[in-house]
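The values are calculated or read from the model by the stated rules, or taken from the named source; none is laboratory data. Just so it is clear, the structure is predicted and the values come from calculations on it, not from any experiment. Please note: Cβ atoms are built from the backbone with ideal geometry, for glycine as well, and neighbour counts cover all protein chains shown.
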Amino acid sequence: MSPQPNHRHHLIHITRRWSLERAIHLSLLSTALTSFDSVLFNTPAWAQTTAYEYDFNIPSGSLDSALAHFAKVTGITLSFSPDNARNQQSQGLQGRYSPDQALQRLLESSNLRATPQANGSFSLHPISDGSSNDSDMELSAIAVVEDQEHSGSYRAPQTAIGDKFNTPFLDQTQTSYSVTQQVLNDFAVENLEETIKFVPGITVGNNFGGTQDSLVKRGFGSGTDGGVLRDGIRTSRGRNFNSITTERVEVLKGPASLLYGMQEPGGVINVITKKPTYEWRATLGGQMIDEGGGSSYIDVSGPLGAGFAFRLIGQYRDEDYWRNFGVNRDKVIAPSLAFENDKLSFNLSYEYSDYSTVLDRGAFFYNGRHVGSRSRRLDEHWTRINGHRQYASTTLEYRFSPTSRLRFNYGWNEDSSADYQADPNSYNPSTGDLRRRFRSNPNFEKDRYYAALDWLNELNLLGMRHELTLGADHERHDESTDVFLQGPNQWGFFPDSPQYGNLHPVGSPNLSNSNQNSRVRMLSLYAKDNIHIGEHWILSLGLRHQRFRQRDGQGIPYQIGTNVNKSKNLPFAGIVYKINDQFSLYANYSESYKPNTITAGQPTEGGSEPEEGRQYEFGLRYDNGWLSGLITWYDIFKENIQVNENVGGQLVTRTVGEARSRGWEASLNGQLNEHWNLIANYAYTDAEISKDIPANRNNDMVNVARNVAGMFLSYDVSQNLVPGKLRIGGGARYVGKREGDVANTFELSSYTTYDAFVSWSMPHLIDKNARLQLNVDNLTDKHYFVSSGGTNNRVSWGPERIFSLSGSVDF
């Protein structure tokens, strides 16, 4: 017998005179579906649940059985009284229908009607005959409080990152992955580098001493590639993930320029933030780590009346760094406001973060081996980055009908920082002496503005169903530095017995590296149409016309490095063949186009031509309602790749001619039965330089592991020893060896790390839901290197074994 999904548990409160003490809720295992009103582009949940069709095979019989079958197929929550459905019959349902159409057919011979709710569920009401009694029995206010411990899954049945529509897993023409809220909670994910454990084949790139998101996808990517989105809006370089404000993370592999413009061909990562809810909820929580210090937060949300709802999240963190010195501090405040009625909805959100983060250059490699130890840093107590980040976005949507809507998105984000580096650049093996110098960008400004207007339609033409997106977007990207400070090279630091305090943060202007400016302006038109041909075929066609202007320069006196005005047509073609209800084949061709921007503190050789890429891909998908998985093969070609090299102790940026990446990925996510959740993934990536100077030709790309694999499990424990519920889990991730620089002069060895957790949920503690969780990262205390900065003097250590204890109380 096939395993069945684990159903959600709910506590229901009913207003007015209609008592539903015995009311039941039916739902699919996934926690994702009822929160899709806050997915990627903030589409209201009722519009999403009515916009997609499902294949139904419901036999005639009892109405309550038919409704249970409906909820299992769609994952949509139904609220109704068992007394209303008892002894009523349904004519059944065969064929493909949207949820509202299916419910209408199922309820035709009953005395019930279905009303969509703002959170994506449906409430079933007795049909009024006009009497006062019926009026009193209206279910006008239903508040659902979910038990989050069991409402989640490691599987997301649909995503919106590839189409701007919520597309069922088997219907997607591109490869996408989701890291659900349950995964983020179970493994206490703190940054995007931890998130990628659950996605095949992503490794860490040059993360600027642990202060920036830099992720290599299918062989390509960096901290400046614009590959991290926040609610669909490209973010400035830096850290763009906060566990307290994040709902889920979606990843689209391969070129994503059709809908997202200036991108690497490896893919994009979208951080989806939490939105206001129309049910009151409040959580107070905190975390402690064994290194010392911790964090605390509050999360409050609820309705304001007249269609409005709000959310307010605040956090304070003060944690000791895991190496021999350093402290990470930040303060976050994130208010948001939402409105929704039958035709119009909007969401307005803002987040401010004030941070002070350790900037740790890591290890220095000499003759292929690191000097010093993992526990003792090679820099100084003053090495860090201080600054603040801001994110603001709004989404306004008008619905002409359940299948046609106009959506406007606007977003702005900014990161203003000052960094202070103790930069090692040479080593004397005979004396064990390391040479260092002070470097600083005391005023680094990064801003991005984005606006998009989309018309999303579902229509029938010539007997075929179309999911049509027509849109235009505009993007503005600015980065600038002030005077770049650099001190003299200084010997006298010994990694084997370090003495700190001899190198001081004092320097003079480096004229050639000062006053760096990068300005990019982009304006595009795009269209994409998913055409459903018969029951089995989906043809997807798209085109983007992209124009951009780029102007880069640096130095005192100021010199222009890049000044281009270009346009490009970017086609997309994809096809899906649905073999049956559980399997589908898919293939696609896509292209990417992105300006190369200068890197602060580094001179660029001449100008910088844009990067261009293309990909061929085909794969097989599987989804049985509780487990979903895929196997895919791809081939990527890219030219004008920006890399860093150490030339005479000076880090220089240049572009190589061509590179290619090919490989395959496999993943399996979801529930094995009512107790077990699984994530399993593997990726083989063969990425090499195909055209460059002769010494580098056919070399492997930096930070790209040929083999990356992971497996993570969780188990809901059946027990009566303690009150509440226990959940345990853990897993392992293997990353193969990676090259440390373009010339392949040294490599980072392979490693395997293990993580584990145990959580205890107490739903009735002082009449509140409380939760405690213990996490252990790097359980075996493995010594390993997570990434290289492209040179032997910037190699990041992976963290040691870290224990963290977190707790929360819901009010």
Within the stretch 325-334, is there a residue that is farther than 27 Å from ASN443 by Cβ, within 22 Å of the chain's Cα centre (by Cα) and assigned to a strand (DSSP E or B)? no
Review point. Within the bounds of the stretch 427-435, is there any residue that is in contact (Cβ under 8 Å) with a residue 60 or more places away in the chain, surrounded by 17 or more Cβ atoms within 10 Å (Cβ to Cβ), assigned to a strand (DSSP E or B) and among the basic types (Lys, Arg)?
Key: no
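Can we say ASN515 is of a type outside the set (D, E, K, R) and on the phi > 0 side of the Ramachandran plot?
Values: of a type outside the set (D, E, K, R): yes; on the phi > 0 side of the Ramachandran plot: yes.
Yes; evaluated as a whole, the condition is true for this residue.
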Of the candidates ARG281, ARG239, the one satisfying the condition of being surrounded by fewer than 24 Cβ atoms within 10 Å (Cβ to Cβ), under 22 Å from ASN386 (Cα atoms) and among the basic types (Lys, Arg) is ARG239
Exception for PRO723 within (1) at pLDDT 95 or above; (2) in contact with a His (Cβ under 8 Å, 6 or more places away or on another chain) falls at (1)
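Does any residue of the stretch 356-364 turn out to be without any contact (Cβ under 8 Å) to a residue 60 or more places away in the chain, farther than 16 Å from PRO799 by Cβ, within 24 Å of the chain's Cα centre (by Cα) and not in a loop (DSSP other than H, G, I, E, B)?
As a first pass, look at the stretch 356-364 and keep what is without any contact (Cβ under 8 Å) to a residue 60 or more places away in the chain: 356.
With farther than 16 Å from PRO799 by Cβ added as a condition, the list becomes 356.
Then keep just the ones that are within 24 Å of the chain's Cα centre (by Cα); that gives 356.
Add one more test, that the residue is not in a loop (DSSP other than H, G, I, E, B), and what stays is 356.
Scanning the stretch 356-364, I find at least one residue that is without any contact (Cβ under 8 Å) to a residue 60 or more places away in the chain, farther than 16 Å from PRO799 by Cβ, within 24 Å of the chain's Cα centre (by Cα) and not in a loop (DSSP other than H, G, I, E, B), so the answer is yes.
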- Query: Do we find a residue being without any contact (Cβ under 8 Å) to a residue 40 or more places away in the chain and among the hydroxyl-bearing types (Ser, Thr, Tyr) anywhere in the stretch 408-421?
  - Reply: yes
Checked THR273, THR224 against criteria (under 22 Å from the mean Cα position of the chain (by Cα), of a type in the set (S, T, N, Q) and under 30 Å from ASP686 (Cβ atoms)); the one match is THR224
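Out of ARG399, ARG369, ARG389, I need the residue that is crowded, with 17+ Cβ neighbours inside 10 Å and more than 24 Å from the chain's Cα centre (by Cα). Which one?
Values: ARG369 fails: crowded, with 17+ Cβ neighbours inside 10 Å; ARG389 fails: more than 24 Å from the chain's Cα centre (by Cα).
Every option except ARG399 fails the conditions.
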Residues in the stretch 280-324 that are among the basic types (Lys, Arg) and more than 26 Å from the chain's Cα centre (by Cα) total 1
